[in-house]
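Notes follow once the structure below has been shown.
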Amino acid sequence: MAKSPWSTPITEALRADGIELGGIGLGDIELGDIELGAFDTSATPGFRGDKKSGERLLAERGPVLSDLQEKLFANGRSGDPRNVLLVLQGMDTAGKGGIVRHVIGSVDPQGVDHAAFGVPTAEERRHHYLWRIRKRLPRGGQLGVFDRSHYEDVLVVRVHELVPPDVWGRRYDEINRFERKLTEAGTTLVKVAMFVSLDEQKKRLAERLNRPDKYWKFDPDDIAERGHWPAYREAYQDVLDRTSTEYAPWYAVPADRKWYSRLAVTELLIDALRRLELDWPAAQFDVEEQKRRLAAS
Ligand code: ADP
């Protein structure tokens, strides 16, 4: 039998419990008493191969994901309330868009419910931060994708002090309760935090500035955000420490190598869908009878 391309199951290789981001992506810079370099953003955890074999495997796994998603969709059509929600978080240029395009892009769009959460609108600001999230939760049979999520309310909101610490401080427990209810109602959450190094981010931003077809992705504010890297690191560490639960674990995905992060998220979704043990829904009619009718028609 051929050796598996994975040395460790993906869910174990990337599970974020107890992970130390350390001086994530900061290279050798000294930063107070922070332990540096604990999380390697260029690593390829659990994968035995190189870029070429990773890309080849991704091409093979897209159709596997697509078949599973079709089963989920078919069951949803038959009234099954279960769904899968991919939550994508990551600093600018971490590659969330690439996941949507290259991973989610391999499945049937009618079964996908994509929601991107940017700066809240005036109306959204008048409501509780989970209001806009609840409105976009996937229905039975859907593969939901949150491109940013309620976690912004303990990340950007915390880093930029948009609300006082006692307000964002209460949100971790609240998010856990919210997610527990979601999972009890039939949602499988796949929470992915993508991490690039500061250097890799610089390269990706430079590329956006060097290519007219990428200008649209560039936001001048992204440069200022780089100055907040240590504060984001701390905020992400708290997210992983406080909201990675048994029922909704976080996966920390090194994202300097796009081929790896795309392959990893594909595998995480395949794993989540497999665990639902989906079958094709049984026919709600007598198959033989319908065959006879069709033949006679
Ligand atoms: P992206 O950067 O993901 O491609 P946008 O350019 O629309 O998408 O940027 C979304 C911005 O919205 C990010 O800077 C993000 O931090 C910000 N944002 C998201 N949620 C909130 C929130 N609850 N409060 C403040 N800012 C938020």
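Where a number appears in this text, it was derived from the coordinates with a stated rule and is not lab data. Worth saying up front: this structure is predicted, and the values here are computed from it rather than measured. Heads up, the Cβs are rebuilt from the backbone with ideal geometry, glycines too, and the neighbour counts pull from every protein chain shown.
Ordered by the count of other Cβ atoms within 10 Å of each Cβ, fewest first, Ser149, Ser7 give Ser7, Ser149. The ranking of Val156, Val253, Val239 by Cβ neighbour count inside 10 Å, starting from the fewest, reads Val156, Val239, Val253. Straight-line cross-link reach from Lys203 at under 14 Å between alpha-carbon atoms covers these aspartates and glutamates, not counting any fewer than eight positions away in the same chain: Asp92, Asp222, Asp256. Only helical runs count toward this figure. For the chain, summing -39,500 (n - 2.57) over DSSP H runs of n ≥ 4 and dividing by all residues gives -13000 deg cm²/dmol at 222 nm. Between amide H atoms placed 1.01 Å from N, distances below 5 Å from Phe195 occur with Val253, Ala255, all of them 5 or more places distant or on a separate chain. For the residues Asp166, Asp17, Asp153, a GNM of the chain with alpha-carbon springs under 10 Å puts the largest fluctuation on Asp166. Packing around the peptides 120-129, 262-271, taken as the average count of other Cβ atoms within 10 Å per residue, puts them in this order, highest first: 262-271, 120-129.
How much FRET efficiency would the formula 1/(1 + (r/R0)^6) give for Glu289 and Ser78, where r is the Cβ-Cβ distance and R0 is 25 Å, rounded to 0.05?
Details: r = 20 Å, r/R0 = 0.78.
Working from the Cβ atoms, E equals 0.80.
Out of all DSSP beta bridges with both ends in the chain, state the antiparallel percent to the nearest 5. For the chain, the DSSP antiparallel bridge percentage is about 10. How would segment 165-297 be classified by its alpha-carbon gyration tensor: rounded, prolate or oblate, with rounded meaning a/c under 1.5 and the a/b versus b/c comparison settling the rest? Taking the square roots of the gyration eigenvalues as a ≥ b ≥ c, segment 165-297 is oblate. Which FRET efficiency value, to the nearest 0.05, is calculated for Asp238 and Leu198 with the Förster distance at 22 angstrom and r the Cβ-Cβ distance? Computed FRET efficiency for Asp238 and Leu198: 0.65.
Could you list the chymotrypsin sites (Phe, Trp or Tyr not before Pro) in segment 228-297 that lie in coil according to DSSP, counting only those with at most 15 other Cβ atoms within 10 Å of their Cβ? Before the final figure, lay out the partial values.
Working: sites: Tyr232, Tyr236, Tyr247, Trp250, Tyr251, Trp259, Tyr260, Phe285; in loops: Tyr247, Phe285.
Taking segment 228-297 and a limit of 15 other Cβ atoms within 10 Å, the loop chymotrypsin sites (Phe, Trp or Tyr not before Pro) found are Tyr247, Phe285.
The phi-based Karplus calculation (6.51 cos²θ - 1.76 cosθ + 1.60; θ = phi - 60°) puts the 3J(HN,Hα) values of segment 254-261 at x, 10, 5, 9, 4, 4, 6, 4 Hz, whole numbers, x for Gly and Pro. Here the Karplus relation 6.51 cos²θ - 1.76 cosθ + 1.60, evaluated at θ = phi - 60°, turns the backbone of segment 49-63 into coupling constants of x, 9, 4, 4, 6, x, 5, 5, 5, 4, 5, 7, 7, x, x Hz, with x for every Gly and Pro. The alpha-carbon of Lys202 sits under 19 angstrom from the alpha-carbons of these lysines, leaving out residues fewer than 8 places away in its chain: Lys96, Lys214, Lys217, Lys258. Model label points for Trp280 and Arg48, set 7 angstrom from Cα along the Cα-to-Cβ axis, are 3.3 nm apart.
I need Glu200, Glu277 ordered by Cβ neighbour count within 10 Å, fewest first. All intermediate terms of the calculation are to be shown ahead of the outcome.
On the way: Glu200 20, Glu277 7.
Fewest to most other Cβ atoms nearby, the residues stand as Glu277, Glu200.
Quick check on packing: order 178-191, 206-219 by the mean number of other C-beta atoms within 10 Å, highest mean leading. Show your work: numbers first, answer last.
Values: 178-191: 17.4, 206-219: 11.6.
The densest-packed peptide leads the list: 178-191, 206-219.
Diagonalise the Cα gyration tensor of the chain and give the resulting equivalent ellipsoid semi-axes, square root of 5 times each eigenvalue, largest first, whole Å.
On the way: eigenvalues 250, 113, 69 Å².
Semi-axes from the Cα gyration tensor: 35, 24, 19 Å.
The length gained by stretching the chain between Asp173 and Thr11 to full extension, at 0.36 nm per residue less their Cα-Cα distance, is 56.0 nm. Of all the options Ala116, Ala272, Ala252, the one that moves most in a Gaussian network model of the chain with Cα springs shorter than 10 angstrom is Ala116. Using alpha carbon centroids, what distance separates segment 166-222 and segment 109-133, in Å? Here the answer is 14 Å between Cα centres.
Distant-in-sequence amide contacts of Val87, defined by a placed amide H-H separation under 5 Å and a gap of 5 or more residues or a different chain, comprise Phe146, Val190, Lys191, Val192. In loop segments of segment 37-107 as defined by DSSP, the trypsin sites (Lys or Arg not before Pro) with at most 13 further C-beta atoms inside 10 Å of their C-beta are Arg48. Shape call for segment 56-107 from the C-alpha gyration tensor, a ≥ b ≥ c root eigenvalues: rounded (a/c under 1.5), prolate (a/b greater than b/c) or oblate? Cα axes put segment 56-107 in the oblate bin. Seen through its C-alpha gyration tensor, with square-root eigenvalues sorted a ≥ b ≥ c, segment 29-164 comes out oblate because a/c lies at 1.5 or above while a/b is not bigger than b/c.
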